[in-house]
Amino acid sequence: MSGSETYGEPNNLDSLRVRTPFWFRRLGKLLKYVDKNYTRHVRNIDEINELLTIGEYDPHSGCTPPIVHRTINTTSWVIPAFDPDHMYAGVYSALRFMSALERKGKTNNLILYGNPAIDKLSFSKKISSTVGVTPRIFLLEMDALPAVDVAFATFWSSAYIVRRYKKAARHIYFVQDYEPDFYPANALSRLAHESYTQPMDYVVHGIGLANYMKDRFNRHQHTLPFAVERDVYQPPEEPPAGKPFKVFFYGRPRVDRNDFALGVASLLKAKQLIPDMEVYCAGERFNPKIYGLSPEWWHNWGMLTRRETARIYRGCNVALVFGFTRATPMVALEAMACGCLLVTNRNDYEDWITQGGRTAVAVSPNPVTLAKTLKVISENWDEYLKVAKKGQILATSWDWNLEASRVIAELEGEAQTDGKAYS
């Protein structure tokens, strides 16, 4: 068996078929057996255990109580256990908001669930050094939770926990995605949806998501726009030249909502049209050769720190970032802030970031269309650089300290919003 057949090289450039790796084919029967007799059962067990953690609550019972505004002195944040060495996206944003509360003299508690083996002291040191927030850390025990002014839910399952938090005077849902889209059509998906019907106050992170939540659920909410860390995500002193044409790809094979397969198919086709194209991929560790991706033009960086990722952005012309829930990935704004032209998939709530093509490019999720779009951009880079520069201005329009302070003031009753002030 030749080396080219060992991995998933395309059979030829015309057909662009990615061959299943030799060792996958040899293990095929075993893998099918494992998937049939083991994997499905493990997924079922995981789903059963997740369902068992949800207490009884009917979100349709009673009416939503009037929102009572009061000073916040103490908070508890109920968050699924996470790896403090890799704090990204939703976890990092929640900790940033917690830090904003702490700077205003509020006392925060971090309530973790899902991993009883956490070393609380080590955990605390890591998040303090990374985000600068120093909450008291508790492992979830409903009867031992501290009394607080506000309990924040951060994930759909934590919303059900927060509703049972009797020592919290007030419940707030910190929404960062439309989480039913994380699942196939099953009970977890429906429960995630019903979590948004619970009588709580809502802080929604991201303008597109906030507009969707307002339209779909028609409730009082507070919009917290994406605000990138301007000291980290900055444009280069000189923008990259058009040749070689460099594309950043947010590639996560294990996360369906970012559609890794669409990105690979599009970039394989684009490589036919743009011979000098180079791809710089980050977001998850994987072996590119499995997918027929040559290291001559595909550079896989795995998981990087924020500053390392920003350096990659600054060297690229385009950032190819997909998001197939109702929320724009934060990565899209971070790449734009570093001067990349964002190319993303169309959705009903993306116009705030694309501005009709004036600040970013939204395309149908079709590999041929995406490949041709990248070719047009590469051939007209000077014109699209102007779009990228407008996108950079948009992505850095919001100041985190100001926006977080505004939302905190709204939560304490010092200001009001209908939740759609940024549409």
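Bear in mind that the values in this text are calculations on the coordinates, not laboratory data. Because the structure is a prediction, the values reported are computed rather than measured. FYI the Cβ positions are ideal-geometry reconstructions off the backbone, even for glycines, and counts take in every protein chain you see.
Descriptive notes on the structure:
- Remark: spin-label model distance T71-D382 equals 6.2 nm, labels positioned 7 Å along the Cα→Cβ axis.
- Sorted fewest first by neighbouring Cβ atoms within 10 angstrom, V42, V204, V407 come out as V42, V407, V204.
- For the chain, a crude dipole built from +1 on the beta carbon of Lys and Arg and -1 on the beta carbon of Asp and Glu, taken about the Cα centre, is about 580 debye to the nearest 20.
- Across K125/K246; K120/K166; K29/K289, pairs whose alpha-carbon gap is larger than 30 Å: K125/K246
- Label selected from (i) 0.98; (ii) 1.21; (iii) 1.02, the criterion being Rg/Rh (Cα atoms, Kirkwood Rh) as computed here: (i)
- Structural size metrics of the range 246-395, computed from C-alpha coordinates, are Rg and Dmax of 13.8, 38 Å.
- Cα gyration tensor category, rounded, prolate or oblate, for the range 155-214 with a/c compared to 1.5: oblate
- Each of S128, S157 was scored by other Cβ atoms within 10 Å of its Cβ. Arranged with the fewest first, they read S128, S157.
- Angstrom value of the Kirkwood radius, inverse mean 1/r, which spans all Cα pairs in the range 73-220: 15.7
- About the Cα centre, charge dipole magnitude for the range 147-188 (Lys/Arg +1, Asp/Glu -1 at Cβ), debye: 400
- Residue pairs, from the table K243/K389; K271/K390; K167/K214, whose Cα atoms sit over 21 Å apart: K271/K390; K167/K214
- Förster radius 56 Å - calculated FRET efficiency between T305 and D143 (Cβ-Cβ, nearest 0.05): 0.90
- Most mobile of D119, D201, D351 in a GNM of the chain (Cα contacts under 10 Å): D119
- Principal-axis tilt of helix 400-411 within the chain, Cα atoms, nearest 10 degrees: 40
- The angle between the Cα long axis of helix 367-379 and the main principal axis of the chain comes to about 80°, on a 0 to 90 degree scale.
- If R0 equals 30 Å, the separation of the Cβ atoms of E412 and K125 corresponds to a calculated FRET efficiency of about 0.50.
- Once the Kirkwood radius over Cα pairs is known for the range 151-298, the Stokes-Einstein relation at 25 °C and 0.890 mPa s delivers a diffusion coefficient of 131 µm²/s.
- Residues D231 and K390, FRET efficiency given R0 of 25 Å [Cβ-Cβ distance, rounded to 0.05]: 0.70
- Rounded to 10°, Cα long-axis angle of helix 207-217 versus longest principal axis of the chain: 60
- For the chain, built as a Gaussian network whose Cα springs stay under 10 Å, the top-fluctuating residue of Q234, Q355, Q392: Q355
- Shape metrics for the range 120-199, restricted to C-alpha atoms - Rg then Dmax, Å: 14.7, 40
- Relative to the Cα centre, the charge distribution of the range 266-368, modelled as +1 at Lys and Arg Cβ and -1 at Asp and Glu Cβ, gives a dipole magnitude of about 140 debye.
- Value of relative contact order over the chain, rounded to a whole percent, pairs C-alpha under 8 Å and six or more apart: 16
- Subtracting the Cα-Cα distance of E50 and A187 from their residue separation scaled by 0.36 nm leaves 48.3 nm.
- The slack in the chain from H86 to K166, taken as 0.36 nm per residue of separation less the alpha-carbon distance, amounts to 25.6 nm.
- When the Gaussian network model of the chain links Cα atoms closer than 10 Å, the mean-square fluctuations of L101, L304, L224 top out at L304.
- Counting every other Cβ atom within 10 Å of each residue's Cβ, M87, M303, M336 order from fewest to most as M303, M87, M336.
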